[in-house]
Amino acid sequence: MTTTKRGRPRSFDREVALVRATLLFWQHGYEGTSIADLTGAMGVSPPSLYAAFGDKRALFTEVVERYGDTFGAFMENALDQESDVRKGFARMLDEAAVSYTDPEHPAGCLVISAAINYSPGTADVEEDMRARRVANVRSFEKRLTDAKAREALPEGTDTRALAVYFAAVVQGMSQQARDGATAQELRRVAAYAMAAWPAPAS
């Protein structure tokens, strides 16, 4: 049992409840997940949910942030931990194939799939998810541009196009995983995708 900052006992484990909320949003998306769904899965009453997390929108934002630090952390880890930029992108795609098909949680990527369907009333959610995906493209582009400056990529490499390409591959792998593709199939996709890596200048 955890306690609030004021020392008042809380009747549920906040971290466990947050994981359950993450899995629910991941599986059904923001629009497809109701407060009733959340309270049922999290084992809390509506007043307890609002007291601990705020409203549904605030809970979703916390879920997305937590996802990036846990389930989705493999992307940044792969790119940060490999000294060779090509190996970093190859590892990222290979680990995406494994993560997106892991039977321990919903298929695909929460950030890619959670706000595909939205209404005018929740357009801000879709916009937030789009902004996060755009930020990923910019991160890819910066890494590739830095590699080009270090001459780890040929001088003529279009780093913007290459960044968009890898983002498209990641997004496609997420959707294919949700459609039933296996880890083995997606790992082969990842290997094929790396064939687009610019060849060194002769």
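The values are calculated or read from the model by the stated rules, or taken from the named source; none is laboratory data. Being a predicted model, the structure only gives us computed values, none of them experimental. Here the Cβ is made from the backbone with ideal geometry for all residues, glycine too, and neighbour counts use every protein chain on show. For the accessible areas, the whole protein counts, side chains as well, though only heavy atoms, and no ligand, DNA or RNA atoms are used. Shrake-Rupley method; radii C 1.70, N 1.55, O 1.52, S 1.80 Å.
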**Complete:** Per principal axis, largest first, the Cα atoms of the chain extend in Å by 67, 36, 33
**Complete:** Filtering the chain for DSSP H helices with an axial alpha carbon extent of at least 18 Å and a Kyte-Doolittle mean of at least -1.0 returns 14-28, 56-69, 85-99, 123-149, 159-178
**Request:** Can you send over the solvent-accessible area of S174, 1.4 Å probe, protein chains only, in Å² to the nearest 10?
**Result:** 0
**Message:** Using only DSSP helix segments of four residues or longer, with each worth -39500 (n - 2.57), what per-residue ellipticity at 222 nm results for the chain after dividing by its residue count and rounding to 500?
**Reply:** -20500 deg cm²/dmol
**Asked** In the chain, carbon and sulfur make up what percent of the accessible area (probe 1.4 Å)?
**Response** 51
**Asked** What number, in nm² with one decimal, is the all-direction average of the projected area of the convex hull of the alpha-carbon atoms of the range 116-202?
**Response** 7.0
**Prompt:** Taking 0.36 nm per residue of separation and subtracting the Cα-Cα distance, what length does fully extending H105 through Q81 add?
**Reply:** 6.2 nm
**Request:** Please give the net charge around R132, taking every other residue with its beta carbon less than 12 angstrom from that of R132, where Lys and Arg add +1 and Asp and Glu add -1.
**Result:** -1
**Asked** In square angstrom, what is the accessible area per residue of the range 97-202 with a 1.4 angstrom probe?
**Response** 55
**Prompt:** Once you list every other residue whose beta carbon is under 12 Å from the beta carbon of W26, what net charge do they have if Lys and Arg are +1 and Asp and Glu are -1?
**Reply:** +1
**Request:** Over the range 12-52, average the accessible area per residue using a 1.4 Å probe and give it in Å², no decimals.
**Result:** 44
**Segment R133-E185, length gained on full extension (0.36 nm per residue, minus Cα span)** = 16.3 nm
